[in-house]
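Below is one structure, written out as structure tokens; the observations come after it.
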Amino acid sequence: MSEIGDDPVGPDEGFELLRPSLTLGGDGGVVLAVSGGADSLLLLVLAGENRARLGRPITVVTVDHGLRMESGAEAEAVREAAAHYGLPHHTMKWRGPQGSGNLSAQAREGRYALLAQAAREASAGAVITAHHQDDQIETHLLAAERGEGKGRQAAMRRARALAPGVTLLRPFLALARTRIEASLRARGLEWAEDPTNRDARYARTRMRAILKAMPHAERQRHLARIAALAAARDQLDSEVAAFLAPAIVDTAGMVSTSLGEWRGASPAVRAAALSRILTAVSGGSKPPTAFQARRLAERIGEGGTFVATLAGCRLEVRPDRLCAAREFGRTGPRELVIEGGAAVLFDGRFEIGVPQEWTGARVVSLGALGFGNRVNATLPVIVSSGREPLAAHPQALARLGAKACPLDIREQVTWRLRRDLPAGPYRLLDQNAAKAPRPVGNELTADYLRWD
């Protein structure tokens, strides 16, 4: 943990900060997420200064959310800074919010989705962001203030899975904001300031003011607390990975697992495992609350046969087995408009390859067409502007007859289930093929079932 100070980060220290992240990111290139703020600009500068020593293809990406008039000019300033170091730069524009909901959360999800897309297009295995020590403490304090569980209070991971085959890396988590700004001043560089960072309506703005005035000793106590919580989270992750070993994901994205060891596990492991199952199967980004997961896990532990719904999932519980499937709900998964020949992510559960000629078509659920049972009603179907089926998930084809062809599709529930866990003996099960399940682990980040 760094001491608070204002001594600039030089090229050599920058290399030592970035080098471990590149190791975690595996082989291939890297994408730098650079908005033009002080922290991300320093990330660009240090990578540029060490370009030859890092020995990886580096692509700079700016996500323009289009929420402020200045965003276009800020992206152009980043392009010029990248050009100074001979680094390619791309600006990716967010489509904007889809429906109602928290704008900040939607913008964050959209940003990470675009960064993952940029990594795939650049054949990069890692996206590097400039989250720093102050961000880490803010995240911890805000989680504690909201009464969230210890896992959330452990704040950000140094490395986490962003998308299949793409790792998100944060090499600056031990670097204080004061050193970041001092490093840019020492180089005579100016950075962009997002005016929302001064808007008192935002909780992070208030927390940053508290952190700026925080005594050094108190700051160090928070950092020690974060480190202890992170170690506990790592231990829980290992136990959850072992607990979920019997889990099977079928081609429809349904998870089933034996309950043979359920009563013998600790309440924390049972609740964490159940939360993972629900989040993976629902395709959502927000897990159930710790209280909800703990209460339902306790009910499962009491035995018996029952059906429950939570966090967009329908659970069928028997004395020896649990099955979780995506719940259709009132309206079903949100429809998608295809905007060109590229992969699209439907409902957070299925990555679908779409040819250029399907531009303008929509991805809908089978249930939205009036077909399907509790399980396959949520499976994806490509429909024309006149709602005629063009292609569908293989398990949905039976209800559509000869009207559609099989989709090029990869389920992502398995990846979501084991995201950020130590490599474990999870299994993919193709119920339509005469072949045995095969082991997958975190080292196999692009291992999917595929139908041609």
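Protection proxy ranking for 259-267, 403-411, using the average of other Cβ atoms within 10 Å per residue and placing the highest first: 403-411, 259-267. The alpha-carbon atoms of the stretch 336-411, seen along their principal axes, cover 30, 25, 17 angstrom, with the largest extent given first. Volume per residue of the convex hull around the Cα atoms, evaluated for the stretch 174-289, comes out as 195 Å³. By the Stokes-Einstein formula, at 1.567 mPa s and 4 °C, the stretch 11-232 with its Kirkwood radius over alpha-carbon pairs has D equal to 72 µm²/s.
Around Gly312, with a cut-off of 10 angstrom between Cβ atoms, what is the net charge of the other residues, counting Lys and Arg +1 and Asp and Glu -1?
Values: positive: Lys286, Arg314, Arg326; negative: Glu327, Asp347.
Residues close to Gly312 contribute a combined charge of +1.
Between the Cα long axis of helix 216-243 and the first principal axis of the chain there is an angle of about 20°, rounded to the nearest 10.
The aspartates and glutamates whose alpha-carbon is closer than 16 Å to the alpha-carbon of Lys150, local same-chain residues fewer than 8 away aside, are Glu138, Asp234, Asp237, Glu239.
A cut-off under 12 angstrom between Cβ atoms defines the neighbours of Ala325, and their net charge, with Lys, Arg +1 and Asp, Glu -1, is +1. Projecting the Cα atoms of Val9, Leu142, Pro195 onto the charge dipole of the chain (Cβ charges, centred on the Cα centre) puts Leu142 farthest toward the positive pole. Under conditions of 25 °C and 0.890 mPa s, the stretch 108-153 yields 195 µm² s⁻¹ as its translational diffusion coefficient, taking Rh as the Kirkwood radius over Cα pairs in the Stokes-Einstein equation.
Hey, can you rank 40-51, 285-296 by average C-beta count inside 10 Å, highest first?
The packing order, highest mean first, is 40-51, 285-296.
Placing pseudo-labels 7 Å out from each Cα toward the beta carbon at Ala423 and Lys212 gives an inter-label distance of 4.7 nm.
Determine the dipole magnitude for the stretch 336-411: charges of +1 sit on the beta-carbon of Lys and Arg, -1 on that of Asp and Glu, nothing else is charged, the reference point is the Cα centre, and the result goes in debye to the nearest 20.
320 debye
The listed peptides 69-75, 344-350, ordered by packing as a protection proxy, come out as 344-350, 69-75 (highest mean of other Cβ atoms within 10 Å first). Glu298: net charge of surrounding residues, Cβ under 13 Å, Lys/Arg +1, Asp/Glu -1, itself excluded? Every neighbour counted, the sum reads +4.
Helix 177-186 and the longest principal axis of the Cα set of the chain meet at an angle near 50°.
Read the figures in this text as sums done on the coordinates, not as results from a lab. All values reported here derive from a predicted model rather than from experimental measurement. Cβ: placed from backbone, ideal geometry, glycine included. Neighbour counts: every protein chain shown.
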